[in-house]
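Visitor: Below is one structure. I have some questions about it.
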Amino acid sequence: MSVDPALRDQILAAIPSLRAFAISLSGNVDRADDLVQETILRALANIQSFQPGTNLPAWLFTILRNLFRSEYRKRRREVEDADGSLAETLKSHPDQIGRVEFQEFRAALAQLPAEQREALILVGASGFSYEEAADICECAVGTIKSRVNRARSRLAKLLEVDNIDEFGPDHATRAVLMRHEN
């Protein structure tokens with residue numbers, strides 16, 4: 001693309017004024033030089049939209065001001081995250097792994113005897129106390145505790161999990177488990 005030499009000379013003559021304006025906008029000499037360079041590049045890329053005989057410096061200043069404002073709005077939405085800690089919290093992990101693990105868990109749960117599965121779901125998933133689960137199942141509290149313990153142990157084996165705590169945080173069940181393991 002060739003630019004008319006007279007137009008090129010006018011653009012070059014406007015650079016010092018563009019630079020001063022860019023410095024006043026950005027407050028940074030390096031940033032101002034980048035703005036002026038981008039302004040000239042955009043002006044040359046869109047030179048066909050310039051109306052000969054009109055005010056070329058005004059056209060260039062408008063490009064520079066619009067460029068500065070666009071970048072300012074963009075930077076205002078950006079958050080500095082030098083160490084990546086914010087970005088780490090924003091990324092979403094694929095749900096395929098969770099889906100596969102859930103399917104494996106459902107398959108293992110289906111292998112439990114109905115009474116153990118019922119007790120585990122009542123206490124572990126539904127949040128009922130052992131006493132409430134015993135009332136629902138019409139059996140003794142100790143029976144529910146035993147069923148839940150056996151269900152958790154069986155699930156741990158089926159899913160090859162070393163830590164039974166993944167199937168329930170209550171201390172009573174762990175105490176029962178410890179007695180059975182010894």
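Visitor: Residues of segment 26-54 being under 20 Å from residue 9 (Cβ atoms) and part of a helix (DSSP H, G or I), which ones?
Guide: Just the residues of segment 26-54 that are under 20 Å from residue 9 (Cβ atoms), to begin with: 36-37, 39-54.
Result: 36, 37, 39, 40, 41, 42, 43, 44, 45, 47, 48, 49.
Visitor: Let me ask you something else. Residues of segment 55-73 being without any contact (Cβ under 8 Å) to a residue 40 or more places away in the chain and open to solvent by less than 80 Å² (accessible area, probe 1.4 Å), which ones?
Guide: Restricting attention to segment 55-73, the residues satisfying the condition of being without any contact (Cβ under 8 Å) to a residue 40 or more places away in the chain are 55, 58-59, 62-63, 66-67, 69-73.
Of everything in segment 55-73, those that are without any contact (Cβ under 8 Å) to a residue 40 or more places away in the chain and open to solvent by less than 80 Å² (accessible area, probe 1.4 Å) turn out to be 58, 59, 62, 63, 66, 67, 70, 71.
Visitor: Would you please name the residue that is nearest to residue 70 (Cα to Cα), looking only at residues in segment 21-54 that are among the aliphatic types (A, V, I, L, M) and open to solvent by 60 Å² or more (accessible area, probe 1.4 Å)? Write out each step before concluding.
Guide: To start, the set of residues in segment 21-54 that are among the aliphatic types (A, V, I, L, M) comprises 22-23, 25, 29, 32, 35-36, 40-41, 43-45, 47.
When the remaining residues are screened for being open to solvent by 60 Å² or more (accessible area, probe 1.4 Å), the result is 29, 41, 45.
Working: 29: 19, 41: 16, 45: 18 Å.
Restricting to residues being among the aliphatic types (A, V, I, L, M) and open to solvent by 60 Å² or more (accessible area, probe 1.4 Å), the top hit is 41.
Visitor: I've got another one for you. Residue 165 fails exactly one of the following numbered conditions: (1) at pLDDT 90 or above; (2) surrounded by 13 or more Cβ atoms within 10 Å (Cβ to Cβ). What is the number of that condition?
Guide: (1)
Visitor: Report the residue count in segment 119-148 for those that are exposed (fewer than 15 other Cβ atoms within 10 Å of the Cβ), at pLDDT below 90 and either in a helix (DSSP H, G or I) or touching a strand residue (DSSP E or B) at 6+ places or on another chain (Cβ under 9 Å) (or both). Even if it seems obvious, please write down each step before you answer.
Guide: If we filter segment 119-148 for residues that are exposed (fewer than 15 other Cβ atoms within 10 Å of the Cβ), which is where we start, we get 125-127, 129, 131, 135-136, 138, 140, 142.
In the following step, the residues that additionally are at pLDDT below 90 were identified as 125-127, 135-136, 138.
Next cut, either in a helix (DSSP H, G or I) or touching a strand residue (DSSP E or B) at 6+ places or on another chain (Cβ under 9 Å) (or both) only: 125, 135-136.
Number of matching residues: 3.
Visitor: Pick out the one residue from 15, 11, 23 that is assigned to a helix (DSSP H, G or I), free of Cβ contacts under 8 Å to residues at least 40 places away in the same chain and over 37 Å from the mean Cα position of the chain (by Cα).
Guide: Numbers: 11 fails: free of Cβ contacts under 8 Å to residues at least 40 places away in the same chain; 23 fails: over 37 Å from the mean Cα position of the chain (by Cα).
So the residue among 15, 11, 23 that is assigned to a helix (DSSP H, G or I), free of Cβ contacts under 8 Å to residues at least 40 places away in the same chain and over 37 Å from the mean Cα position of the chain (by Cα) is 15.
The values are calculated or read from the model by the stated rules, or taken from the named source; none is laboratory data. Just so it is clear, the model here is predicted, and its values are computed rather than measured. Every residue, glycine among them, receives a Cβ derived from its backbone with ideal geometry; neighbour counts consider all protein chains shown. Quick note on the areas: whole protein, heavy atoms, side chains included, nothing else; ligands and nucleic acids left out. Shrake-Rupley method; radii C 1.70, N 1.55, O 1.52, S 1.80 Å.
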